[in-house]
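Chemist: One structure coming up, written as structure tokens, with questions to follow.
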Amino acid sequence: MHPNQPQCTLRRPGGFELTQRAIELCGFGRGATILDIGCGSGATVNYLRSEYAFNAYGIDTEPQGESEYIQSAPAQHIPFASHTMDSVIMECSLSLMDSRPAVLAECHRVLKQGGQLIITDMYARGEPATLSGPLGSLDSRDMLMELVENSGFSVTHFEDHTHHLKTLWGQMILDRGAEAFYSYLGTTPQQMKRIKCGYFLLIAVRE
């Protein structure tokens, strides 16, 4: 797994329900051009094409499967021309990326004026932390807002969807057991209590 653009190693909290919520909030017209960064198998790309008739594309350093709409590329070097995207979406991937300011700078470059950035990801509702396991960087809400706004965006929506995360993790604990669950995450119950891990949906407009 490439350190600069890893795929999400957890099933994505909320699934397409959060994708749909973001699309509704953004109000894209038919034929909107959307790029999914860290697209993995391309499930979201296919969903956006089939359900909304969007011109959706994806990039990933290790894409799973083959598709004419998906390319192998790092997030710091998006293989699309400047000002060509109506939206860039990152689902459960930004927290795992190194050089996040560089990634957001590339998002800003490829978006049209007024284009919208969509992020769904983990965050810290308590103590921020950077973990070596599959959770990556767990920033506070204020830290996330600052990161995005310093990259030339104005945040228009921030919603907490931690209930989706609790549902997913609760099932994982039932399936694996608590000890195996925390071992997989590379953390401890005590540390997770301090972090108070949550899940969010953020939408920002390119200035």
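Read-outs throughout are calculated quantities, based only on the coordinates presented, and are distinct from any laboratory measurement. This structure is a prediction, so every number in the text was calculated from the model and none was measured. As a convention, Cβ positions derive from the backbone with ideal geometry for all residues, glycine included, and neighbour counts pool all protein chains shown.
Chemist: Count the net charge of all other residues whose Cβ sits under 11 Å from the Cβ of Phe80, scoring Lys and Arg as +1 and Asp and Glu as -1.
Modeler: 0
Chemist: What does the convex hull of the Cα atoms come to per residue for the stretch 65-195, in Å³?
Modeler: Convex hull of Cα atoms, per residue: 130 Å³.
Chemist: Oh, and also: Run the helix sum for the chain: -39,500 (n - 2.57) per DSSP H stretch of 4+ residues, divided by residue count, reported at 222 nm to the nearest 500 deg cm²/dmol.
Modeler: The helix-only estimate for the chain comes to -10500 deg cm²/dmol at 222 nm.
Chemist: Taking Cα atoms, how many degrees apart are the long axis of helix 43-52 and the longest axis of the chain, rounded to 10 and kept between 0 and 90?
Modeler: 50 degrees
Chemist: For the chain, what proportion of DSSP beta bridges, expressed in % and rounded to the nearest 5, is antiparallel?
Modeler: In the chain, approximately 50 percent of DSSP beta bridges are antiparallel ones.
Chemist: Any chance you could give the angle, 0 to 90 degrees and rounded to 10, that helix 100-110 forms with the longest Cα principal axis of the chain?
Modeler: Tilt relative to the chain: about 20 degrees.
Chemist: Positive end of the charge dipole of the stretch 1-138 (Lys, Arg +1 and Asp, Glu -1 on Cβ, about the Cα centre): tell me which of Ser72, Tyr57, Ile23 has its Cα farthest that way.
Modeler: Ile23
Chemist: Take Asp98, Asp175, Asp121, Asp139 and order them by how many other Cβ atoms sit within 10 Å, fewest up front.
Modeler: Final ranking by Cβ density, sparse to dense: Asp175, Asp98, Asp139, Asp121.
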